[in-house]
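The values are calculated or read from the model by the stated rules, or taken from the named source; none is laboratory data. Treat the numbers as computed from the prediction; the structure is a model and nothing was measured. With ideal geometry, Cβ positions are generated from the backbone for all residues, glycine too; neighbour counts draw on all protein chains shown. Please note that ligands, DNA and RNA were not included when accessible areas were found on the heavy atoms of the full protein model with its side chains. Shrake-Rupley method; radii C 1.70, N 1.55, O 1.52, S 1.80 Å.
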Amino acid sequence: MATVAKKRISRTSAPPVTNNMKTYIHTVIGIGIMILFYLLPPIEPITQTGMKIAGVFLGMIYLWSTVSSTWPSILGLFLIGLSGYAGEGYAGMKAVGLNAFGTDTVLLALFGMVLFGAVEYVGCSQYIARWFLTRPIINGRPYTFLFVFFSCCFFLSALTSPITSLFILWAIAVDILNILKIERTERFYPLLIIGTFFAATIGQPMLPFKGAQLIVVSAYEKMSGQTINMVSYISFNIIMSTILILMFFLMIKFLFRIDLSKLKNIHVEQFKANPLPPMNERQKMFLIMILVYISMLLAPNFLPATIPGMKLLNNMGVLGVTFFCIVVMCIIQCSDGKPALEFRAVASKQVSWDVFFLIAAAVYTANALSNNVTGIKEWMIIALNPILGGKPELVFAFLLLIAALILTNFANNAAMAVVLMPIIIAFCEQGGLPSTPFAMGVAMMVFVAMLTPSASPHAGMMHGKKELISTKDIMGFGIPICIMAVIVYALAGFPIAKILF
């Protein structure tokens, strides 16, 4: 018995040791990259400072993708402070800290996580999903049902997070598969799981003022000096996502040849079988808040500036509107004697410090990479000119999107998009092309990545769902989906973006 017990202890204790060892190995490699670039002589036209900045950024990307986002971001900012980029001595270190954490982007990320996290915290997500899935139009209509189901994934991901959307919709998807008696061996089973992921991940970048997409949009704005119009951005995302979903349906019918006959038995009553309790006042307030928040942000883009309040809304900007909504929701008292938004409770659950520090480090370092002091932008133009230089718009778009897809499947998607921003800006300036359409296409394309667990946290979730889906399934459906996305963004996305932006 003692021997058996020892064997059991050995089996249960081995994985943590193995995981710890992997973490240490990745940590050594990441820090090693940073130190190596500190010691290497500069490669013309990159300056000594530029070498240090490049090494820090490459090391952070590696560590973000393999270990964590929090301490590598802090380490990266610390090393940039020592590099002399922002000034010598403590003045340089202080400047890095103030400029990295004192921007509107970082503040918006922090307070946005509280405001939109509260939507999930108070339990609105289930009601949003239930509303979509109880529309009578889905009865007996397979493709209509799939469109409504995927739209639910899309909007729930946009308003909360992809992970929240997937937790809720994957559970519903499995229930549907069981109700319809669809076996794991049937091709529709993994297709629905992957389709749910696809809809959720293209919904992630819909709102440019929250989450990972905030990193990419803010980095582009700081590098290019241009401001992205939110109405154009959101419209572009919705249009492209609708096209992608419709193209996915064509693939289901003509490429994958999936039998959807069992979906003709779908009926809204199946989703009403386990009714939710009536929405409480706090949940209703937050659904109203979402509408008010988005309306306040978009109103100055639609209404004349002469209308009272429009100038104020324009002056408030995204950050001011976020502050305003948080204050109002904290002031409003519910019948239970507590504020509608319990700031401390929500913040303790919904603020992702990984995201907060990643945004601070990624946006600041990306700005440093494109600074003329480093010489990195000039070097990239020289190095990539044989591949990208002088290419027609369509070829240039295809090459960028292919690079974005490949890179983001092996590293943090937002970070990879940030890496591509100075390249886009530099070659667009060189060729006299508008950079914003290319940049926004890449900013959304990177979120399609799904082929490896390192593509994103929610891609890791999907690859971990071995009881639902295999790696073979992911590759079999995922590779054609990713290729389709590149083609759609190049042929349709770029022309549409030129009109909108």
Output row, site Val231, 7 Å Cα→C-beta label point, backbone N cut-off 11 Å, window the stretch 292-336, residues 298-305
Here, trypsin sites (Lys or Arg not before Pro) of the stretch 398-501 satisfying both criteria (DSSP loop; at most 10 other Cβ within 10 Å) are Lys466
Subtracting the Cα-Cα distance of Glu281 and Glu467 from 0.36 nm times their residue separation yields 63.1 nm
Here, Leu246 and Asp354, labelled 7 Å along Cα→Cβ, have an inter-label distance in nm of 3.6
Hydrodynamic calc, the stretch 72-174: Kirkwood Rh from Cα pairs, then Stokes-Einstein at 37 °C with viscosity 0.692 mPa s, so D in µm² s⁻¹ is 195
Ordered by number, the trypsin sites (Lys or Arg not before Pro) in the stretch 131-228 that occupy a DSSP loop and have at most 12 other Cβ atoms within 10 Å are Lys181, Arg184
SASA check, Leu291, accessible area w/ 1.4 Å probe, all protein chains in place, rounded to nearest 10 Å², comes out at 120
Counting Lys and Arg as +1 and Asp and Glu as -1 over every other residue whose Cβ sits under 13 Å from the Cβ of Phe116, the net charge comes to +1
Hydrodynamic calc, the chain: Kirkwood Rh from Cα pairs, then Stokes-Einstein at 37 °C with viscosity 0.692 mPa s, so D in µm² s⁻¹ is 135
Between the Cα axis of helix 281-302 and the main Cα principal axis of the chain, the angle (0 to 90°, nearest 10) is 50
When all Cα-Cα pair distances of the stretch 187-279 are considered, the percent exceeding 22 Å is 52
In this structure, the FRET efficiency calculated for Glu186 and Ser295 from their beta-carbon separation, with R0 = 45 Å, to the nearest 0.05, is 0.55
Net charge near Met421 (other residues with Cβ under 15 Å of its Cβ; Lys, Arg +1; Asp, Glu -1) is 0
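What is the packing order of peptides 129-138, 423-432, 331-340, taking the mean over residues of other C-beta atoms within 10 Å and listing the highest first?
423-432, 129-138, 331-340
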What the 10 Å binned alpha carbon P(r) of the stretch 169-326 shows, as percent of pairs per bin from 0, is 8, 25, 28, 22, 14, 3, 0
Stretched fully, the stretch from Gln333 through Tyr90 gains (0.36 nm per residue minus C-alpha distance, one decimal, in nm) 82.9 nm
Under a 1.4 Å probe, counting only protein heavy atoms, Leu36 has an accessible area in Å², nearest 10, of 90
Zone reached by a paramagnetic label modelled 7 Å from Glu378 Cα along Cα→Cβ, restricted to the stretch 34-69 with backbone N below 19 Å, covers 41-55
Cα extents of the stretch 350-396 along the principal axes, largest first, in whole Å, come to 46, 29, 12
Summing +1 per Lys or Arg and -1 per Asp or Glu among the other residues with Cβ less than 15 Å from Thr134's Cβ gives +2
Taking every alpha carbon pair in the stretch 370-485 and sorting the distances into 5 angstrom bins from 0 up to the bin holding the longest one, the percent per bin comes out as 2, 12, 20, 20, 16, 12, 8, 6, 3, 1, 0
Computed over all unlike Cα pairs, the Kirkwood hydrodynamic radius of the stretch 327-382 in Å stands at 14.8
Against the 2.2 N^0.38 Å rule of thumb, the C-alpha Rg of the stretch 272-380 sits at a ratio of 1.56
Kirkwood Rh over alpha-carbon pairs of the stretch 12-124 plugged into Stokes-Einstein at 25 °C, 0.890 mPa s gives a D in µm²/s of 151
Relative to the chain, whose Cα atoms define the longest principal axis, helix 104-121 and its Cα axis are tilted in degrees, nearest 10, by 20
From the Cα centre of the stretch 206-245 to that of the stretch 340-381, the distance in Å is 16
Residue by residue through the stretch 483-488, the couplings from Karplus 6.51 cos²θ - 1.76 cosθ + 1.60 with θ = phi - 60°, in Hz, x for Gly and Pro, are 5, 4, 5, 4, 4, 5
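Looking at the stretch 157-227, which chymotrypsin sites (Phe, Trp or Tyr not before Pro) are DSSP coil and have at most 14 other C-beta atoms within 10 Å of their C-beta?
none
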If the chain between Leu312 and Val28 were fully extended at 0.36 nm per residue, the gain over the current Cα-Cα distance would be 97.2 nm
Once both label points are put 7 Å beyond Cα along the C-beta direction, the Tyr127-Leu399 separation in nm becomes 5.2
Measuring from the longest principal axis of the C-alpha atoms of the chain, the long axis of helix 230-250 (C-alpha) lies at a number of degrees, nearest 10, equal to 60
